[in-house]
1. Among Leu21, Leu105, Leu131, which one shows the highest mean-square fluctuation when the chain is modelled as a Gaussian network with alpha-carbon springs under 10 Å?
2. Put +1 on the Cβ of every Lys and Arg and -1 on every Asp and Glu Cβ in segment 3-212; which of Gly14, Gly37, Leu119 then has its Cα farthest towards the positive end of the dipole?
3. About its Cα centre, how strong a charge dipole does the chain have in debye, to the nearest 20, once Lys and Arg get +1 and Asp and Glu get -1 at the Cβ?
4. Rounded to the nearest 0.05, what FRET efficiency do Arg106 and Thr205 have when you use their Cβ-Cβ distance and R0 = 25 Å?
5. Name the residue, out of Arg52, Arg160, Arg110, whose mean-square fluctuation peaks in a Gaussian network model built on the chain with Cα pairs under 10 Å.
6. Helix 12-23 versus the longest principal axis of the chain: what is the Cα-based angle in degrees, 0 to 90, to the nearest 10?
7. Would you kindly state how much longer the chain becomes between Asp82 and Ser27 on full extension, computed as 0.36 nm times their sequence separation minus their alpha carbon distance, in nm to one decimal?
8. Where a Cα-Cα gap under 24 Å defines reach, which lysines qualify for Lys76, not counting those fewer than 8 residues away within the same chain?
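Where a number appears in this text, it was derived from the coordinates with a stated rule and is not lab data. Treat the numbers as computed from the prediction; the structure is a model and nothing was measured. Cβ placement follows ideal geometry from the backbone for every residue including glycine, while neighbour counts extend to all protein chains displayed.
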Amino acid sequence: MTRTLIVGASGGIGRALVHTLQSRGESVTALSRSVDGLDVTDEQSIIDCLGRLDHAFDRIIVATGALASGGQGPEKTLKSLDPTAITTQFALNATGPILVLKHALRLMPRDRRTVFAALSARVGSIGDNRLGGWYSYRASKAALNQLIHTVAIEVARSHRQAICVALHPGTVSTAFTENYRSHDAVSPERATANLLRVMDGFSRTDTGGFFDWAGKQVAW
């Protein structure tokens, strides 16, 4: 039976992932801050929560993240930059997911295919940035992409069949995006189906990449 660990299972995409995978008859371990106390900005809580797990996973998906922090939305101008908000965004969107991998690596099998995926965003692409703004969120997702690309190189040395990727789910209709949608959004269920299809189609050569919901590579 395929086993999946989902971190951020109480969010819109996280919940949909849990329900979809369970409906497929897969084994799902769901962790979240609200239910389990797993706060990706607190390394000790990551250690405590993951330390209670002792079996290997075929997928580990980090579905955490935020566009706004402390009541402050994405910055539209340089004068809106706040150093505390920037630090908070990096802790949640970049540092958090890579710390999950740091402590979940022991749960990834060495003898078979395994996927580690963190939800990124197209706005984290430097090459695709034509509108500006959203400084903290863009930069934190760009940092996440670099961290995933870097860790994939190291993980490949010990887990030769592992695939570590950053995934852009598209604009999804959740509380996360409610105040920031500029175009039509898909449902969490549709986004989940897209993401799982893409993950299931990855090969070893895709590790370290940044892909969208359709499986197309996104510019760094």
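1. Between Leu21, Leu105, Leu131, it is Leu131 that shows the largest mean-square fluctuation.
2. Checking the options against the dipole of segment 3-212, the answer is Leu119.
3. The calculated dipole for the chain is roughly 500 debye.
4. 0.50
5. Arg52
6. Roughly 20 degrees, rounded to the nearest 10.
7. This chain segment gains 15.6 nm when fully extended.
8. Excluding near neighbours in sequence, the set is Lys141.
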